[in-house]
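Visitor: Below: one structure in structure tokens.
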Amino acid sequence: MQRSHSGLPVLFALLTFAGGVVAAAEEFDIDSLQASILQTIERVHPAVVSITGGGTEFSGVIVSSDGHVLSAGHAVTPGATYRISLPDGRRFRGVGKGSNPRSDAALIRITEPGDDLPFAPMGDSSSLVSNQPCLGLSFPGGQRAGREPVVRFGRVVRSSRGRGMLQSTALMEPGDSGGPLFDLNGYVIGIHSRIGTDMERNYEVPVDTFRRFWNELNREQTFTEAGIPTPRLGVQIARGRPGANVDEGPGLKVIAVVDDSLAARGGVQVDDVILSICETDLKTLADLSAVLIAARDEGAETIQATLQRGEETLEIEMEFDVEREAAPEVALPEVDHPQVAAQGFRELSLLARELADLEDRLDDACVAIRSTVGDKQLSCVGTKVQGTAWIISKSSLVGSDPSISSASENAELSVVRRDPENDLALLQAAEVHAAGVVLDDPAAELKPGLFVLTPAHDGDGLVSVIGSPAFVSAKFRSRGYLGVMPSTYEDDKGAIINEVAEDGAAIKAGVLAGDIIIKLNDTVIRTHSDMRNFLLQADPDAVITATLLRDQQELTKSIRLGAVPQSSEHAADQMAASVRRDGFREVVCHDADLKPENCGGPVFNLQGEFAGLNIARNSRVRSYTLPVPLLRTFLAETASHVDAE
């Protein structure tokens with residue numbers, strides 16, 4: 001976007017480190033902000049951990065040399081065993097301690113921490129201010145960028161007052177739950193809790209909540225308020241659906257009874273179905289918890305339960321001797337807090353505009369491309385290569401009859417070569433580009449925490465930070481979707497189609513239930529696993545030829561595959577992601593809110609050096625960039641291919 005500015009303004013008065021002591025500094029520019037981010041990451045990342053246990057995977061942060069790990073209440077079960085994995089490769093065993101479902105705060109304690117356990121200090125969330133810079137480090141689910149936590153930069157949107165949540169723009173998604181939010185002094189100020197559909201709705205448990213409940217968190221118990229644990233009946237319930245019993249009927253089916261618990265002393269047995277307690281019908285575990293808390297708050301000494309045992313309905317009474325004593329005192333892992341006031345900067349909310357001069361200079365490398373893919377008109381961005389007529393873009397968004405489409409230019413393009421593995425397309429324009437990227441220049445460094453700029457041909461562009469080192473992106477979501485339920489046909493003679501999805505690619509192409517697929521393109525299909533493996537390697541929207549048998553007659557069908565349908569209702573999955581979002585030889589992730597149609601454009605560092613090409617919006621927290629060396633290889637292979645012809 002072209003505009004007139006008089007150079008990069010001085011932006012910030014930031015807090016920086018001096019030999020580990022926090023010192024106030026005045027009138028620092030964006031380079032000082034960058035330096036503080038990198039220094040904070042180096043200081044805190046050894047203490048950010050990945051946690052696995054109970055079939056789940058989430059994040060946390062070590063806050064003491066004794067092995068206290070802060071995490072999210074919805075992820076931690078008191079008494080459960082967890083594996084704590086550190087960025088340096090070490091692994092420890094941890095046990096779930098206190099968990100507060102109301103505030104979503106929980107603690108895990110490493111059982112044998114050793115003598116050199118890294119930790120990050122707990123800060124003061126009550127002193128935070130709006131637009132204060134912050135950093136999120138955690139381990140999002142799905143594809144991993146290695147052992148290192150993924151970095152996201154943000155600002156405080158709403159600070160915590162009283163017992164509310166802290167809100168920031170540091171992005172999170174499933175797997176990030178329990179991960180820490182840091183200020184730029186390296187102090188933990190919040191723990192990742194939940195998100196909304198809006199990208200600014202990232203909610204944190206304020207670290208002061210952990211301080212307030214510290215004693216309760218160190219006791220192996222679920223609780224709601226300080227000194228008042230949540231009562232437990234002492235049963236394990238079968239879960240056929242969320243919070244309910246196996247057969248989805250009324251009540252909760254008991255599959256285990258804890259020794260010397262309320263239930264055991266009251267005579268509850270395995271295979272009983274608890275229909276009601278205190279005349280309250282039970283359908284979910286939440287119902288059970290609510291009725292026990294109500295009985296505790298009312299000071300009940302006994303509770304009545306109705307059970308179904310076989311064909312018999314029983315009424316029993318249980319003594320309600322709930323533990324009411326206060327939790328034992330546990331010392332907080334206190335450290336000296338910085339004696340400087342928190343500062344917020346309005347410029348952080350529109351950081352791209354603060355880099356307008358740089359964006360104006362770099363957006364000439366971008367070009368808007370329009371083409372036809374199937375029956376759709378698709379748009380994407382291309383990256384001009386200076387001194388050539390070439391444009392690099394995202395192959396899956398470049399179909400037939402591509403052309404430059406902008407207010408100032410409308411010219412046809414030709415496709416020179418495609419690289420399906422990395423979803424790259426090389427196009428040729430009619431004229432040599434005076435502006436564009438220079439691939440022969442040294443590639444910009446892509447280090448976690450570094451700012452990068454994605455220019456836009458018609459807007460402000462996007463400023464983001466690199467989240468991880470380069471890594472191989474395994475194919476996971478970007479597989480071809482046929483829309484059938486197959487099984488192996490007799491004597492391994494193909495894949496028989498048992499069911500056909502209503503809106504899948506197969507039914508649109510005329511494939512019917514009962515058809516036997518014997519070949520996909522040139523791949524012979526003998527079993528349903530052969531078919532699944534073929535589709536795993538195929539791209540969404542790829543056109544394939546299926547050879548099948550129907551009533552002993554051989555037929556061929558041309559099928560345009562689709563993308564795997566999104567079945568999750570989680571807020572993180574409601575955003576638009578690229579159809580081809582993974583399966584790349586090498587990528588670097590950053591946290592830009594990149595729209596799928598804006599893939600194919602260039603990424604630069606703050607010195608204006610070419611850093612890579614945006615290839616996919618993978619998830620809420622990860623946009624993927626192909627690094628410059630990979631692009632050089634693509635062009636070199638293309639030149640060799642053209643010379644050979």
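Just so it is clear, none of the values below were taken in a lab; they were calculated from the coordinates. In this text the structure is predicted, and so the values were computed from the model without any measurement. Positions of Cβ are backbone-derived with ideal geometry, glycine not excepted, and every protein chain shown enters the neighbour counts.
Visitor: For the residue pair Leu38 and Val270, what label-to-label distance in nm results when each label sits 7 Å from Cα along the Cα-to-beta-carbon direction?
Guide: Here the modelled spin labels are 6.0 nm apart.
Visitor: Spelling out what I want: for every residue of segment 586-602, take phi, set θ = phi - 60°, compute 6.51 cos²θ - 1.76 cosθ + 1.60 (Karplus), and round to whole Hz; glycine and proline get x.
Guide: Taking θ as phi minus 60°, the curve returns 7, 9, 10, 9, 9, 9, 5, 7, 7, 7, x, 6, 9, 6, x, x, x Hz for segment 586-602.
Visitor: Next question. So what's the angle, to the nearest 10 degrees on a 0 to 90 scale, between helix 285-297 and the longest Cα principal axis of the chain?
Guide: With rounding to tens, the tilt is 40 degrees.
Visitor: Between Glu421 and Asp441, what length comes free when the chain is fully extended (0.36 nm per residue of separation minus the Cα-Cα distance, one decimal in nm)?
Guide: Here the answer is 4.7 nm.
Visitor: Picking from Gly494, Ala636, Ser168, whose Cα lies most toward the positive end of the charge dipole for the chain (charges on Cβ: Lys, Arg +1; Asp, Glu -1)?
Guide: With unit charges placed on the Cβ atoms, the residue in question is Ala636.
Visitor: State the answer as a single residue: which of Ala35, Ser619, Gln553 lies farthest towards the positive end of the charge dipole of the chain, with beta carbon charges of +1 for Lys and Arg and -1 for Asp and Glu, about the Cα centre.
Guide: Gln553
Visitor: Would you mind getting me the FRET efficiency between Ser406 and Leu555? Use the beta-carbon distance for r and R0 = 45 Å, nearest 0.05.
Guide: 0.50
Visitor: Tell me, what is the percent relative contact order of the chain, built from C-alpha pairs under 8 Å that lie six or more residues apart?
Guide: About 11 percent, as a whole number.
Visitor: Going 7 Å from the Cα of Lys376 toward and past its Cβ, which residues in segment 613-633 have a backbone nitrogen under 16 Å from where you end up?
Guide: The answer is 616-618.
Visitor: Then there's this: Please list the radius of gyration and Dmax for segment 575-631, considering alpha-carbon atoms only, with Å as the unit.
Guide: 10.7, 32
Visitor: Using only the Cα atoms of segment 228-319, each taken as one equal point scatterer with no solvent, compute I(q) by the Debye sum, divide by I(0), and report log10 of the ratio at q = 0.26 Å⁻¹.
Guide: Values, matching the q order: -1.60.
Visitor: A follow-up question, please. Could you tell me which of rounded, prolate or oblate describes segment 484-560, using a ≥ b ≥ c as the square roots of the eigenvalues of the alpha-carbon gyration tensor, with rounded for a/c under 1.5 and, failing that, prolate when a/b is larger than b/c and oblate otherwise?
Guide: In terms of gyration-tensor shape, rounded.
Visitor: Compute the long axis of helix 528-537 from its Cα atoms, compare it with the longest principal axis of the Cα atoms of the chain, and write down the angle in degrees, 0 to 90, nearest 10.
Guide: Taking Cα atoms only, the helix is inclined about 60 degrees.
Visitor: For every other residue with a beta carbon closer than 15 angstrom to the beta carbon of Tyr82, add +1 if it is Lys or Arg and -1 if Asp or Glu, then tell me the sum.
Guide: Result for the neighbourhood of Tyr82: +3.
Visitor: Quick one: Arg201, Arg580, fewest Cβ neighbours within 10 Å first, how do they rank?
Guide: Arg201, Arg580
Visitor: Which of the lysines could a cross-linker span from Lys447 if the Cα-Cα distance has to be under 27 Å and same-chain partners fewer than 8 positions apart are dropped?
Guide: Filter leaves Lys384, Lys394, Lys475, Lys595.
Visitor: Each label point is 7 Å from the Cα along the Cα-to-Cβ direction; what then is the distance between the points at Asp503 and Ala331, in nm?
Guide: 6.0
Visitor: Does anyone have the angle between helix 628-644 and the longest principal axis of the chain? Alpha-carbon axes, 0 to 90°, nearest 10?
Guide: The answer is roughly 40 degrees.
Visitor: Which distance in nm do the two modelled labels at Asp88 and Glu298 give, with both placed 7 Å along the Cα-to-Cβ direction?
Guide: With each label placed 7 Å out from Cα toward Cβ, I get 5.5 nm.
Visitor: Compute the semi-axes of the equivalent ellipsoid of the chain, taking the square root of 5 times each eigenvalue of the Cα gyration tensor, and list them largest first in whole Å.
Guide: Square roots of five times the eigenvalues give 48, 38, 18 Å.
Visitor: Among Glu597, Glu148, Glu445, Glu311, which comes first, second and so on when ranked by fewest other beta-carbon atoms within 10 Å?
Guide: So the ranking, lowest neighbour count to highest, is Glu311, Glu445, Glu597, Glu148.
Visitor: On to the next question. Where nothing but the Cβ of Lys and Arg (+1) and of Asp and Glu (-1) is charged, how large is the charge dipole of segment 343-400 around its Cα centre, in debye to the nearest 20?
Guide: 280
Visitor: Here is a follow-up. Pairs of alpha-carbon atoms within less than 8 angstrom and 6+ residues apart define the contacts here; what relative contact order does segment 342-404 have, in percent?
Guide: Relative contact order for segment 342-404 comes out at 29 percent.
Visitor: Right, next: Using the 10 angstrom Cβ neighbour count as an exposure proxy, how do Ile518, Ile466 rank, fewest first?
Guide: Ile518, Ile466
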